[in-house]
1. Calculate, for the protein assembly as shown, the solvent-accessible area per residue in square angstrom, rolling a 1.4 angstrom probe over the heavy atoms of the protein chains.
2. Could you list the square roots of 5 times each eigenvalue of the Cα gyration tensor of the protein assembly as shown, that is, the equivalent ellipsoid semi-axes, sorted largest first and rounded to whole Å?
3. Using the Karplus curve 6.51 cos²θ - 1.76 cosθ + 1.60 with θ = phi - 60°, work out ³J(HN,Hα) for each residue of the stretch A:181-187 in order, rounded to whole Hz, and write x for Gly and Pro.
4. Based on alpha-carbon centroids, what's the gap between the stretch C:393-428 and the stretch C:165-220 in Å, whole number please?
5. With a cut-off of 8 Å between alpha carbons and a minimum separation of six or more residues, what is the relative contact order of the stretch B:87-156 in percent?
6. With an 8 Å Cα cut-off and a minimum separation of 6 or more residues, compute the relative contact order for the stretch C:432-509 in percent.
7. Looking at chain B, do any whole DSSP H helices span at least 18 angstrom along their long axis by alpha carbon and average -1.0 or above on Kyte-Doolittle, and which?
8. Just to be sure I understand the rule: take each whole DSSP H helix in chain C, project its Cα atoms onto its long axis, keep it if the span is 20 Å or more and its mean Kyte-Doolittle hydropathy is at least -1.0. Which ones pass?
Amino acid sequence: MIYERPNTVSEAVEILSKSHEKKSILAGGTDLLVQMRSGYYRPSHIVDIKNIPEATQIRDDGDTFLVGAGVPGAQLSEHVELIKAWPGVIEAMDLIGSTQIQGRATLGGNLCNASPAADSVPAMIAADATCIIAGPNGYREEKIENVVTAPGVSSIANNEFVVSIRLAKFKTGRADAYLRFIPRTEMDIAVVGAAVCVLIDKKGICLNAKVSLGAVAPTQVVIETAPQILIGTRLDEETLDKLAKAARASCNPIDDKRGTIEYRTSVAGVLTKRAAKIAFDRAGGA
Amino acid sequence: MKTHITTTVNGEPEEFLCETEQTLLDILRDELNLTGSKEGCSSGDCGACSIILNGRLVCACLVLAVEAEGQKIETIEGMADGEELHPLQKNFLKDAALQCGICTPGFLIAAKALLEKNLNPTEKEVRYWLAGNLCRCTGYDKIIRSVLNTAEEMRRK
Amino acid sequence: MATALKDFKWVGTRAVRPDGVEKVTGRAKFGADFSLPGMLIGKVLRSPHAHAKIKSINIEAARTLNGVKAIITGSDFNELPSEWVPAGEVQINFRDLSRSIMARNKVLFEGHPVAAVAATSEIIAREALALIKVEYEILPHVIDVEAAMSPDAPILHEDLFTAGVEPSPKTASNIAKRVDYSSGNIDDGFKEADVIIEKHFTTQPVHQGYIEPHATVASASEDGQCSIWTSTQGQYVVRAYCSEVLQLDISSIRVTPSEIGGGFGGKTTVYLEPLALALSKKAFRPVKMVMSREEVFRSSGPTSGSSMKIKIGARSDGTITAADVELKYQAGAFPGSPIMPGCMCALAPYNISNAKVVGYDVVVNRPKVVAYRAPGAPISEYAVECVINEIATKLNIDPLDIREKNAAKEGTRALYGPQFGAIGYIETLLAARGSNHYKSKLHENQGRGVASGFWFNIGGESCATININTDGTAELVLGNPDIGGSRASLAMIAAEALGIDYNKVHPIISDTSGLGYNFLTGGSRTTFAGGLAVNEAAEDVVRQIRERASKIWDIPEEAVTWEDGFVRPAGTNAGNFEPLSLADVAGMAAKTGGPISGHAQLNAQGAGPGFGTHICDVEVDEETGRVTILRYTVVQDVGKAIHPSYVEGQMQGGASQGIGWALNEEYIYDEEGKLQNAGFLDYRIPVASDLPMIDTIIVEVPNPRHPYGVKGVGEVPIVPPMAAVAGAIADAIGVHLTDLPMSPPRILKELNKKQ
Amino acid sequence: MVKVILTESLAKKYTSGETQITIEANTIQKLFVNLNERYPGINKALNHEGISVVIDGEIFQDALYERLEGVSEICFIPRIGGG
């Protein structure tokens, strides 16, 4: 098992472009090391991106933030402007594991691990986030909802890696929220996750919305009908019930050790409604 | 093929050789004989191997030893200042915040990281900060009280 | 013989534990922290199947791998006769024990060891395991207790015929044993009842969940002498079991206990020790073996899951007139669930004239169960307490009142035979009723539950030595691993009895060569039985001090008195001498007859039974089924709290384990009988943010059989929580749940049913 | 003379249902011998998986040589271990 620690994006791409049998990108390592330790996965090459400046910084890009794929959650939770702009994304990231996990785990890793239950992914989807991917032909930018294609599978090619995540800056009237259900208060994998982002006008009328669910289907789900349900309303009780119904309808979960189909579907509605209320309040709609 | 790593552990320069698959916890315990960090799960779920890596609280079982090149590592063995125990260590003893003691080093390191960041945490903040440290003996009551007591004591100083 | 609870200098204080600094500095050596030069690493190959015949094991490729020094399989172990023989306090079937730690012809659970390897590194040992080829013939398996009892269930042991039924069955089954207890006439009793509740309950196996995985180092030398360093609740038990399983002289094995990172009953048996020793006997090098967390879950613990039917009748004033209890406990792959104590404890807190308890011990394709805190009691008492709460609700009687009305007290005859002595059950009920918690108000979606619990507590073999040094300090040599502060409580007893400063008593835990046989740390016995031994050893020291003083003063021994750490002449007639301290006399030890050392070895009898009552408040999220524990109070009669902080710690820790058992802990198996949640991520023990502060009320009804009034403490507190939580949920949502764990999906389902 | 309390299932099998029997013995050891003489087999049944003896309400894990002068009641319970 070979460990490499490139200093630049191009060095990393060069290493990735060589034909190794099993390459793994190491960002926070909180999924990779567990998989290695359990004997479930043994890479031949580990490429640590934490020495690459672009992957380890939170940069202001004028209109957007670029969050390096190797930036740990703890650092995001200390970034005042990010919290102000995307409280839902930050709380979703913060929900992943313990304080110790937060010292290591990253948005990029959470995305590329491609788990259907990843907490930050529905939040990034609702936030219309994108990721910057480096490869042999340079950079490309991809919407987050196009990254995870199946459980454990992503659309990132073997010779590519995610360098950073792009999030828009703060905008008045826009806010997001993320809620997840776990049996304990901490340290569990989401049974259901619900992320809501709304944009409202000064009167509290919804102008736009995006809602995404986690852990209720093989990949994260975008509730396609959410904008048409929410736009033009003040997210009143009746509207939210409609949204909850749409959330349940978009679920396609499995029965597993973490929850039943019935339970996941039912709670998806509850959480979507609650998250929508929080987002609406945060946007100034209360 | 082993990799040669140079780091700082508890303020002292340290060198070791490691295989890529070895975790920092393996090296601390087996190569550097720093067995105060405990292995309870090797999956980041119990916090018994909590250390501070470059100022961040992490589980040593989820860090590869090769990643430690040039990094600063703090473990339980470096928590006391010579003969002088850290206030958290003193209060854990006074408050009986340990029973079997296996989780204690992890709790102390995690609590230290908390108090360095926030010397006035609420009970709820302490509980959530320490949620990644499992204790099966105490029901957490005396641990939480002891951290709160220490915070109060340190605020007064 | 009990000292009335006078004021003590040390007993009852909150002294700092003597092993404390080692534990807060990371210096304390736990099981995996021990190493020896030239040490090999041992690893176990485990069955991937729940039930299968082993057709062949081929170790050739592994044997020739560079760095592999020894391999063992079932054929390296002697066949032992199947019989229950005494091993300390408990009975062991060594054939089953031996087969449980290493499979012979059949694997009986996923994780069952089939081979073990010792190699020069962990990486090589793992590679070697991958090279061992085992051919299995997969057999149908059974995981559930009811399914295992059905006539067409797959049979685990062809030679297992149900004991305790007449006439003896002619066909093998998974029911190892049937037991029953009865008194009065339940039919008559139920006729007297105004209300009868009959319910079916299930509980899931739960793991002890100690944070330290099993770890051991064994070293066999060419002259046959063997040393074992291991994390255990009983070094003498490890020695006895290894000697039996490997057919070695007891004196050829020396076992040194490490610090122990939790046990709760789970470290009262052996898993790795005989394997490491067998490997070391082949390689003639020390062998270290440490379980991974996954192995801990797949192959050690847990306690039984169960299926239970409870029927209780009461008059409208709350008097219980009859109880009919049927208990079916999973034993795991070999007979020996805690069904007996389960039956005996089920109704123990109550005085019921007409009662019947029937129990079954049932084998299933899971790891063999091992003791877990008050083994057997939390299961049966959970079900009974739930039914009593439901009767109270139905009759509109306060749940503490109905308990008080039926409570066992001094002189009550327990269903299993004896009459209770000085017990403090009613005192716990009164203290609960008087608590601020019980008087506080609840809000919407919140509920309050109470439940009580009983456990026997035991005594058993204990030894102690006190060596008095010439400066008056003392080494206190103890034979029980200190799992939660026993060194502190026993040193306090020694200091009290010797009249010296607690900090001058230095307790150490001996290896098996330093003291006679000590039964293990368990059964809530250590401070009780160990305390008796320490007290007696101190009396031995005092006797010697008086004797030495009589020499120094040249007066008869009877004329020397001992009081508050000083010898004095008994009166003016005895002579006019300045009192001498223990240190004064110890300083002259060489001149007066040699070193002063007190010893005691005894088999402690008269452990006082323990009772506790818990109060729990919860809030239920009716949309998700989540239960939040808002407030929790543990009330318990402990006889006398030697070190109140560690007594409270036991009460809080037991409650927290019980809350985990109630709400989230369970084993999840797939259709092939493979465990799906072998880790702390999905086997959900409570985390700090799941719990509130846990209030404690210590009740002290002294045990007349102990010089300081001690009863056991550690086990009772895990008994009441499940029913207390269930009662609180019922109070909040109006549904009496019966199946554990009361996890969010289960609660939501019940809520939906209700609507 | 000492009173011995038996469980109903033992009584059914060995003493024609009598759960309280009175017997002469000065030690527990002698009690076992005398019991077994009167009810053959009961000794083995009692000891099947190990027992503790309850002497006037107090549990003795190992009571074989306990003397019974002044003792009024004996019963038998399975050995209790514990966690």
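The values are calculated or read from the model by the stated rules, or taken from the named source; none is laboratory data. Worth saying up front: this structure is predicted, and the values here are computed from it rather than measured. Here the Cβ positions follow ideal geometry from the backbone for every residue, glycine too, while neighbour counts run over all protein chains shown. The area values use the complete protein model at the heavy-atom level, side chains included, leaving out ligands, DNA and RNA. Shrake-Rupley method; radii C 1.70, N 1.55, O 1.52, S 1.80 Å.
1. Per residue, the protein assembly as shown has an accessible area of 35 Å².
2. Details: eigenvalues 538, 272, 205 Å².
Its equivalent ellipsoid spans semi-axes of 52, 37, 32 Å.
3. Each residue of the stretch A:181-187 in turn: 10, 9, x, 8, 8, 7, 6 Hz.
4. 22
5. Relative contact order comes out at 50 percent.
6. On the way: 66 pairs, mean separation 18.5, N = 78.
Once normalised by length, the contact order is 24 percent.
7. Length and hydropathy pass: B:104-117, B:141-156.
8. Details: long enough: C:377-395 (26 Å, 0.59); C:531-553 (32 Å, -0.34); C:644-663 (28 Å, -0.17).
Helices meeting the span and hydropathy rule in chain C are C:377-395, C:531-553, C:644-663.
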